[in-house]
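Structure first, commentary second.
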Amino acid sequence: MSKNSVTITDNRNGNQVELDILDPTIGSSAIDIRKLHTKLGLFTYDPGFQATASCKSDITFIDGDKGILLYRGYPIEQLAEHSNYLETSYLLMYGHLPSKEEYHDFIGIIKKHTMVHEGIKQFFNGFQHDAHPMAIMVGVVGALSAFYHDSLDITNARHREISAHRLLSKMPTIAAYSHRRAHGLPLPYPRNDLDFIENFMYMMFSVPSREYIVDPVAVRAMRLIFILHADHEQNASTSTVRLASSSGANPFACISAGIASLWGPAHGGANEAVIHMLEEIKHPDEIPKYIERAKDKNDDYRLMGFGHRIYKNYDPRAKIIREACNDLLDAMGSNSHPLFDTARQLEKIALEDEYFLERNLYPNVDFYSGIILKALGMPLNMFTVIFAMARTAGWISQWLEMMEDKEQRIGRPRQLYTGAKVRDYVDLSKR
Ligand code: CMC
């Protein structure tokens, strides 16, 4: 019997199986359960994958108890302070910080792909004028596979890389267009003299009749949001991308699936939901009523932007962005918007409340990113789109990694069947 193993005994019949323990470089070990069903005829049951590692990955490490987040070994705090989004994207994709030459080449490649096929622009006319931009993103990103099939052979490493570059590069263009069409604004071409974030802001807010002036405060805040959201290991949307890709689906379709998953309010949709919640609360005096609702087991209401599946101490991204959020609100003046006062009071009250303390429900990254985006004047329905743009770096990196993983097979979870046993069909006339 190996020391690095566990033995599982089925107490109903005494049958046993020895399972290997797989060791990580850091973090929790995992039991390799692949033999479990063939040896004992048992599945494992783990709704929501609370104790299941779905893959091996070299990309991102999280220690939820200690509040640690590393991209390829680099602490998020250092990347937030010193890096930028495209350098971080390179790091996630290729596994190392780029040399000067690699960095400049990468920027050049990403800039080369910023335009979208003119045919894609026609799509934006077809959507209902008040369509949510996330709905447009799901459709248009999926549709890229109808235009860029010169690089869709997923067995070809060069094709995979080109598709990954295209996704990273075109996402801001598609995102900005999904906003502009709804407002009757023309669709500008990307400007490659601007950096990644500046260009996105230009495509969002420029008008042809006026010179566009880059707002350095907004760009700095956006840069931070992009780095902090770039990857987060096997979260719901990333797992969706991996599961969709496991069948051999093309990367544009898979990222579109990831965008759909991200949209939910328990995931990326939370940054938008935070503002809806604050608007509903309206005034700090009303906060206790909403705190009581969040605590009431008979009420589904939750405080948006609070809690996290993995972080049970604090969310390190929230710690970084909270500071930026406070700086921004202070610079704008305390009375800039009553909603921000409500946000600050809510944070204070929840952090002192026994219910939230006992369950480790701290404000998460989306609580603060929602407030920052609101303070920057970003349209509310674009908040989750910004998360999606940022997370594209993570999705494509995880997809590229998965495509080279020899152990990966089609994702096919099993189930604990709780339905009817075999029964005979009854003719309609007898029912
Ligand atoms: N407000 C009130 N109670 C909550 C909240 C909340 N936001 N979040 C969790 N709880 C309670 C929950 O009712 C449960 O209580 P009890 O143990 O008495 O039954 C306990 O805390 C554990 O909750 P859970 O639902 O088992 O936790 P989870 O890990 O399945 O869910 C979560 C994590 C993030 C989905 C959840 O905390 C939540 O819905 N938060 C609000 C939405 C949000 O802000 N999401 C953004 C997450 S960060 C961005 C990202 O990575 O996507």
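Quick notes on this one:
- The residues of the range 186-218 that are buried (at least 18 other Cβ atoms within 10 Å of the Cβ) and closer than 30 Å to residue 308 by Cα, listed by number, are 196, 197, 200, 201, 218.
- Residue, nearest to the chain's Cα centre (by Cα), within the range 346-386, restricted to residues that are loosely packed, with under 14 Cβ neighbours inside 10 Å and farther than 15 Å from residue 205 by Cβ: 359
- Of the residues making up the range 362-390, just one is within 9 Å of the ligand (Cβ to nearest atom) and in a loop (DSSP other than H, G, I, E, B), namely 364.
- With respect to being closer than 30 Å to residue 148 by Cα and either within 16 Å of the ligand (Cβ to nearest atom) or surrounded by 16 or more Cβ atoms within 10 Å (Cβ to Cβ) (or both), residue 303 falls outside the description.
- Filter pass, residue 159 being of a type outside the set (A, V, I, L, M, F, W, C), over 30 Å from residue 273 (Cα atoms) and touching a Ser or Thr at 6+ places or on another chain (Cβ under 6 Å): yes
- Scanning the range 1-59 for residues that are more than 21 Å from residue 409 (Cβ to Cβ), open to solvent by 70 Å² or more (accessible area, probe 1.4 Å) and either free of Cβ contacts under 8 Å to residues at least 60 places away in the same chain or aromatic (Phe, Trp, Tyr) (or both) yields 1, 3, 11, 12, 13, 15, 16, 23, 25, 26, 28, 47.
- Some residue of the range 70-93 being under 30 Å from residue 181 (Cβ atoms), among the charged types (D, E, K, R) and in contact (Cβ under 8 Å) with a residue 24 or more places away in the chain: no
- Where helices (runs of 4 or more DSSP H) sit wholly within the range 28-142, those with at least 3 residues that are closer than 22 Å to residue 223 by Cα and among the aromatic types (Phe, Trp, Tyr) occupy 85-94.
- Of the residues making up the range 239-269, those that are open to solvent by less than 10 Å² (accessible area, probe 1.4 Å), within 30 Å of residue 377 (Cβ to Cβ) and in a helix (DSSP H, G or I) are 255, 258, 259, 262.
The values are calculated or read from the model by the stated rules, or taken from the named source; none is laboratory data. Just so it is clear, the structure is predicted and the values come from calculations on it, not from any experiment. Every residue, glycine among them, receives a Cβ derived from its backbone with ideal geometry; neighbour counts consider all protein chains shown. To get the accessible areas, we keep the full protein, side chains included, count just its heavy atoms, and leave off ligands, DNA and RNA. Shrake-Rupley method; radii C 1.70, N 1.55, O 1.52, S 1.80 Å.
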